[in-house]
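The values are calculated or read from the model by the stated rules, or taken from the named source; none is laboratory data. What you see is a predicted model; the values in this text were computed from it and never measured. We place every Cβ from the backbone using ideal geometry, glycine too, and count neighbours over all the protein chains shown. The area values use the complete protein model at the heavy-atom level, side chains included, leaving out ligands, DNA and RNA. Shrake-Rupley method; radii C 1.70, N 1.55, O 1.52, S 1.80 Å.
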Amino acid sequence: MNDHPGPWAQLSAGLPDEAFDTDGLLTKRVLRAYALAVLAPRPGERLWDLGAGTGSIGIEWCRLHPANTAIAVERDGERAARIAENATNLQVAGQLDVRVGAVASVLAELPAPDAVFVGGGVEDQVLQDCWVALGRHGRLAAHSVTADSDAILLDAYRRWGGELSRIGVEVAEPIGRFTGLRPLRSVTSWAATKH
């Protein structure tokens, strides 16, 4: 019997960042686990991962149940290829559909989602289109790291309710012979369920 099932065999969301090949555009582990918690995946559901970057949200969504599927939309062709490689490496290639293009231009072509994550460049019209595309009990979550996008998420919170949170994470790093905590960039998260 194998006592060590492999480095990425965990059942929970929040794989180590090292599980993904990335150029740096990656939703970090703690924030990814939080996003998946508010997206609340159920067996057999479809996620839109918009502005997918490395594809980590869609990939982890698929890993949580073999019947889950995701569509990762990424405008950069090189990143889109990397998403497909990550899906293969993490054994969900058959569950993840990677689309190359600007989010706003491909939304109308996508099959209806059960949940949507917006991770790259939050735009008000994209949030509105996603909200309309969701059915009853659909979930929408978005992350922002800019004041411009924060304002859009505040407006979404006022319009549709849900949860608006600011998440701050600090990581240990050496300071001389001691260890200190360095803050990462804070992230604003908005999540809501359509009733």
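Quick one: which of 116, 92 is closer than 18 Å to residue 34 by Cα and of a type in the set (Val, Ile, Thr)? From the options 116, 92, the qualifying one is 116. Could you please find all residues in the stretch 47-77 being among the small types (Gly, Ala, Ser) and out of contact with any Pro (no Cβ under 6 Å at 6 or more places or on another chain)? Hits for the stretch 47-77 are 51, 52, 53, 55, 56, 58, 70, 72, 77. Looking across the stretch 10-36, the residues that are assigned to a helix (DSSP H, G or I), of a type outside the set (Phe, Trp, Tyr) and surrounded by 14 or more Cβ atoms within 10 Å (Cβ to Cβ) come down to 17, 19, 29, 30, 31, 32, 33, 35, 36.
A single member of 172, 156 is touching a Phe, Trp or Tyr at 6+ places or on another chain (Cβ under 8 Å), free of Cβ contacts under 8 Å to residues at least 60 places away in the same chain and farther than 18 Å from residue 56 by Cα, and it is 156.
Once the stretch 128-170 is narrowed to residues that are in a helix (DSSP H, G or I) and among the basic types (Lys, Arg), the residue that is surrounded by the most Cβ atoms within 10 Å (Cβ to Cβ) is 159.
Scanning the stretch 40-70 for residues being touching a helix residue (DSSP H, G or I) at 6+ places or on another chain (Cβ under 7 Å) and either among the aliphatic types (A, V, I, L, M) or open to solvent by 10 Å² or more (accessible area, probe 1.4 Å) (or both) gives a total of 9.
The residues of the stretch 81-104 that are within 16 Å of residue 18 (Cα to Cα) and charged (D, E, K, R), listed by number, are 82, 85.
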